[in-house]
Structure formats: C-alpha cells, structure tokens
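Here's the structure, in structure tokens; my notes come after.
The values are calculated or read from the model by the stated rules, or taken from the named source; none is laboratory data. Given the structure is predicted, the values throughout are model-derived calculations rather than measurements. When we count neighbours, we look across all protein chains shown, and the Cβ atoms used for this are built from the backbone with ideal geometry, even at glycine. Each accessible area value is taken on the protein alone, full model and side chains, heavy atoms only, with ligands, DNA and RNA left out. Shrake-Rupley method; radii C 1.70, N 1.55, O 1.52, S 1.80 Å.
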Amino acid sequence: MRFTSTLVQGTLVKRYKRFLADVRMENGEIITVHCPNTGTMLSCSTPDSPVCLSRSDNPKRKYPFTLEMVKDNSTWVGVNTARTNKLVVEAIENGQIAEFQDVKAIKTEVKTSDHTRLDLLISNEESSTYIEVKNCSLAIDGCAMFPDAVTKRGTKHLHELIRLTTEGLRTCIFFLVQRMDANQFSPASHIDSIYGDALLQAAEAGVMVLAYQAEVSPKGIDVVRALPHSLLLKT
C-alpha cells in the first residue's frame, strides 16, 4: 500500500481519550489529531516519539489529521487499525499470503451469527475460509504480541471461529504485525490470559493461526513475510 499523499511528520506529545493525540508539528505548533486505535498502544505511545500523520480533505472533520505511525526506538509502527483489513486484502490479492493462493472472491464484514461479524470470507475454486484480522503493534524483546489490552471482543471472535470450525468450515485468525523489530509472534497472555487460552483452544480445534509482518514507512506499508508463532501461554 502506497500513501497517496506525503505524510506530515511531527512529535508525539501525548495520546489520550483513546481516539485523540496531541502532536507537536515541525514549526512548534501543537495540534490534536485523530488516533484510530482502540488498544493501549503499549510500547508505541511514548511522549516525544516521532510520528507521521495523514491529512483528510473532508471539510466536515473536526480533526483533519490522522495518526498513521509512531516510531518506537528505530522502527516505524503502524497504528491506524482502519487500514489493517485493507492491507491484508491487498496482500491476498497480490498473492503475498502463501496459505491463500488463487483467491477468486473476497467478502468483508461477513455476518456469521446474530451478534457476530468476521472480517473476511475468501473463496477459491476448492474452498472458502472465514478470517478474523487483528492488528499487532506490540513487541517485547523481539516477539510481536497481541493483545495490548484485555479484549473481550477478541475472545468472542475466537470462540466464533472455533464454532465455525466444529461445523466443518475453514477458519483463520490472522495477526498483521506492523513493525519490523520482531522475529516471532506469541499471544500476550500476561496482559489477557483469557485471550491467550482461547487462542490456544482455537489452534487445537483446527483454526489456522497466521502471523505476517509488514514493513512500515512514511512511503507505504507492505506485507513482507510470515512469522513463526508460539502459542504457549506466557505467565
């Protein structure tokens, strides 16, 4: 994915109220920007971190700028979760996901029960697969981890994948790691042990678990490789 316009750089002052952040621009002005991320952004919301912003042309927006990425140490971290599903769809369409080749159709926001929707349903001539996508921005000692906060909704999605799998359908939980300083993936069970346990149950039930890494830069975001994962619970 290439950014259609040049991103604006600045320095993070603080992130607050979940969807807002204050950023110091290069001219010293401090502005409030939209932060499209429901997590804690643990490890990538440190004050004085370099950031990149996109600007909307929509005159009705209260905050024209959107926080796209934060630099943690020496790596850019993608934090705009509104882009995550689109990045995965693009990677599938481009044949970059080894497990999903020759895909003929992709549906988004697929209703699977009265109160649950999953992100994607992909199909080829042989089968269809339900996919739930999660954005991973946390890394500790070279290990990408999800979630960065307790996520009842995420656990609900895992149980839905398990239900579909037991009915004989193909399912997948897909973690998109938007940072390049990790060489493996693991559930952050020290943050949410219930989610970690549910992920292990999902894998044992036959849900495919995939973690792919994306290279993030002010020019664009590209899915570049699969990461090995360990689902052993972290305590």
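Numbers for the structure displayed
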read-out	value
Relative contact order, percent, the chain [alpha-carbon distance under 8 Å, six or more residues apart]	16
Solvent-accessible area, 1.4 Å probe, carbon plus sulfur percent, for segment 120-184	46
Derived scalar couplings ³J(HN,Hα) [segment 154-163; Karplus, 6.51 cos²θ - 1.76 cosθ + 1.60; whole Hz; x for Gly, Pro]	x, 5, 4, 5, 5, 5, 5, 4, 4, 4
By accessible area with a 1.4 Å probe, ligands and nucleic acids excluded, highest first: order of Lys107, Lys156, Lys62, Lys71	Lys62, Lys107, Lys156, Lys71
Extension reserve of the Thr38-Ser74 stretch, reckoned as 0.36 nm per residue once the Cα distance is removed	10.6 nm
Beta bridge orientation in segment 131-235: antiparallel %, DSSP, nearest 5	35
Rough spin-label spacing in nm, given labels placed 7 Å along Cα→Cβ, for Lys107 and Asp141	4.4
Rounded accessible area per residue of segment 76-173, 1.4 Å, Å²	49
Contact order relative to length of segment 3-62, as percent, for alpha carbon pairs under 8 angstrom and 6 or more apart	39
Solvent accessible area, Å² - Asp57, 1.4 Å probe, full protein context	150
In nm, spacing of pseudo-spin labels at Met25 and Ser56 (7 Å Cα→C-beta vector)	1.8
D_trans [Stokes-Einstein, Kirkwood Rh over alpha-carbon pairs] for segment 64-131, 37 °C, 0.692 mPa s, µm² s⁻¹	235
Most fluctuating residue given options Phe174, Phe65, Phe100, as computed from a GNM of the chain linking Cα atoms under 10 Å	Phe100
Cα-projected label distance for Tyr63 with Val224, points at 7 Å along beta-carbon direction, nm	2.9
Among beta bridges that DSSP assigns inside the chain, antiparallel share in %, nearest 5	70
Accessible surface, per residue, of segment 196-235 when the full set of protein chains is kept, probe 1.4 Å, Å²	47
Cross-link pairs beyond the 22 Å C-alpha cut-off, checked among Lys134/Lys156; Lys14/Lys60; Lys17/Lys152; Lys62/Lys156; Lys86/Lys219; Lys14/Lys86	Lys14/Lys60; Lys62/Lys156; Lys14/Lys86
Binned Cα-Cα distance frequencies in segment 157-203 - 10 Å width, integer %	23, 46, 26, 5
Protein accessible area in segment 9-74, 1.4 Å probe - carbon and sulfur %	47
